Amino acid sequence: MAPDEILEQYASGKRDFSGANLSGTCLYGADLRGANLRKTCLDPNNVITPDESAILAAGMTIEDGYVHGWRTAKSQHCGAQEYAPGGHYVAPYFSTDTATACHPGIYLHGKKWVQDEYPNEPLVAVRSLLVETVHASGKFRAKQIWGEEAL
């Protein structure tokens, strides 16, 4: 079932969308209150096994349980969130899926990668909890991040 079909059926009163395929769907602004997310990649009880070697290979550092990396100062895909030193940001939805690069969460990476990928965008240094940082297909996303002063 495609996202447009889900919206159409929801408007007509349907509430059970088990089996729906939301691949490639941006959930920004979606209201998932009351949704049963058990046994999905969005289950908040999922345990993450951080890929420390991939984090380090990407040019980020790990210190005292935190991953230190970089991201663009402004969200590039969903919404218009701006990130700044001193700020604390929490993803409204967070995916623990490790097979697909583009899932809900707040993205961070090594400085060189972010500069190469977004050469004209201002960057901000950030940190995330190691136990909340997922590596998927060469990208890294976190449940929450803190903006840091650049060293």
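The values are calculated or read from the model by the stated rules, or taken from the named source; none is laboratory data. All figures in this text were calculated on a predicted structure; none of them were measured in a lab. Don't worry about glycine lacking a Cβ; one is built from the backbone with ideal geometry, like all the others, and counts go over all protein chains shown.
Of the strands (runs of 3 or more DSSP E) contained entirely in segment 97-145, not one carries at least 3 residues that are in contact with a Pro (Cβ under 8 Å, 6 or more places away or on another chain) and not assigned by TED's automatic domain parsing to the domain that holds His77. Assess whether Cys26 counts as being touching a His at 6+ places or on another chain (Cβ under 9 Å) and either farther than 28 Å from Glu121 by Cβ or modelled with pLDDT under 95 (or both). When the stated conditions are applied, Cys26 passes them. The residue list Ile106, Ile48, Ile55, Ile145 contains one member that is aliphatic (A, V, I, L, M) and more than 14 Å from the chain's Cα centre (by Cα), which is Ile55. Taken over segment 105-151, the criterion of being buried (at least 22 other Cβ atoms within 10 Å of the Cβ), of a type in the set (S, T, N, Q) and in contact with a helix residue (DSSP H, G or I) (Cβ under 9 Å, 6 or more places away or on another chain) is satisfied by Thr133 alone.
Taking the stated definitions as given, is Ala101 surrounded by 14 or more Cβ atoms within 10 Å (Cβ to Cβ), in contact with a strand residue (DSSP E or B) (Cβ under 6 Å, 6 or more places away or on another chain) and farther than 30 Å from Leu7 by Cα? Taking the combined requirement at face value, the residue does not satisfy it. A Cβ distance below 9 Å, combined with a sequence gap of six or more or placement on separate chains, defines the contacts here; from segment 99-113, residues that are under 16 Å from Gly69 (Cβ atoms) and at pLDDT below 95 reach residues that are among the aromatic types (Phe, Trp, Tyr) and outside any strand (DSSP E or B) in the pairs Gly105/Tyr93; Gly105/Phe94; Ile106/Tyr83; Ile106/Phe94. The set of residues in segment 52-88 that are outside any loop (DSSP other than H, G, I, E, B) and among the hydrophobic types (A, V, I, L, M, F, W, C) comprises Ala54, Ile55, Leu56, Ala57, Ile62, Val67, Trp70. Filtering Glu149, Glu117 for residues that are farther than 18 Å from Ser75 by Cβ and among the charged types (D, E, K, R) leaves a single hit, Glu149.
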